[in-house]
Amino acid sequence: MNNLQKRIFTSIIIFPLSIFFVFQGGYLLLSFLFVIFFIANYELFSVFKKNSTIFSLDLILILSLFSIYYLRDHNALSFKLLIWFIILTICSDVGGYVFGKVFKWKKLTKISPQKTLSGVLGSCVVSLFSLFIMEITIQSNYIVEWLEPKFFFIAIILSLTAQAGDLSISYFKRLEKIKDAGKILPGHGGIFDRIDSLMFVIILGLLLYNFKIIP
């Protein structure tokens, strides 16, 4: 089984499981987030050696897990925004991967040699589809105009944030001279390799929500 097949197989298992706990909320979600926290910390202290790196990554992890729990259980609107952030991050990652493979433009940075300018563009473009998915599938008692111009602009900002998150984790790994943050997820590496983009999107999303920039 090659690496791509491992990624697909792992995603088929992990994604539905994660969505299940997100939709359940409450103590089930809290328990799931604690499991992620402890596994991620096991990886941190097993793989990374620099205290500054461990502290930085742990702080980002804690803030993102808290943001997920807060958005899920705060109210119905914040829950739907959480769903959007997750869908947008997936769209952004897929867009970056596909466009980067198909259109091999200039390399973006030495921090992550596989990142290209075409991948950046693809991430931003495909992330916009998350708004159409929300408009079609998510019903709400709150008035949320998913297709208004403001959301398209925010979607691009969040996509760029997702990519910045990916590069940030790559930077920390480069400092430690390692390829993956762990080996627990076949084809993906470790927990941080899987949720690097989402962590930053969720944290920024919570700030945008609390400062009433969205909705």
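The values are calculated or read from the model by the stated rules, or taken from the named source; none is laboratory data. The structure presented is a predicted model; accordingly, all values stated were derived computationally and were not measured. Cβ: placed from backbone, ideal geometry, glycine included. Neighbour counts: every protein chain shown.
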Candidate set: segment 52-78, residues that are aromatic (Phe, Trp, Tyr) and at pLDDT 95 or above; chosen: the one nearest to residue 190 (Cα to Cα): 66
What do you reckon, is residue 36 within 16 Å of the chain's Cα centre (by Cα), surrounded by 13 or more Cβ atoms within 10 Å (Cβ to Cβ) and at pLDDT below 90? no
Starting from residues that are free of Cβ contacts under 8 Å to residues at least 40 places away in the same chain and either over 18 Å from the mean Cα position of the chain (by Cα) or more than 25 Å from residue 53 (Cβ to Cβ) (or both), keep the ones in segment 158-181 and report whichever is surrounded by the most Cβ atoms within 10 Å (Cβ to Cβ). 179
Just for segment 28-82: of the residues that are of a type in the set (D, E, K, R) and in a helix (DSSP H, G or I), which one is nearest to residue 18 (Cα to Cα)? 72
Being touching a Cys at 6+ places or on another chain (Cβ under 6 Å), modelled with pLDDT of 90 or more and not aromatic (Phe, Trp, Tyr) is true for just one of 130, 197. Which residue is that? 130
Of 155, 162, which residue is more than 22 Å from residue 43 (Cβ to Cβ) and either at pLDDT 80 or above or touching a Cys at 6+ places or on another chain (Cβ under 7 Å) (or both)? 155
Matching residues in segment 83-105 (over 26 Å from residue 172 (Cα atoms), part of a helix (DSSP H, G or I) and without any contact (Cβ under 8 Å) to a residue 40 or more places away in the chain) number 1
Matching residues, segment 79-100, being among the hydroxyl-bearing types (Ser, Thr, Tyr) and surrounded by 18 or more Cβ atoms within 10 Å (Cβ to Cβ): 89, 92
Tell me, which residue of segment 189-215 that is without any contact (Cβ under 8 Å) to a residue 12 or more places away in the chain and farther than 16 Å from residue 86 by Cα is surrounded by the most Cβ atoms within 10 Å (Cβ to Cβ)? 189
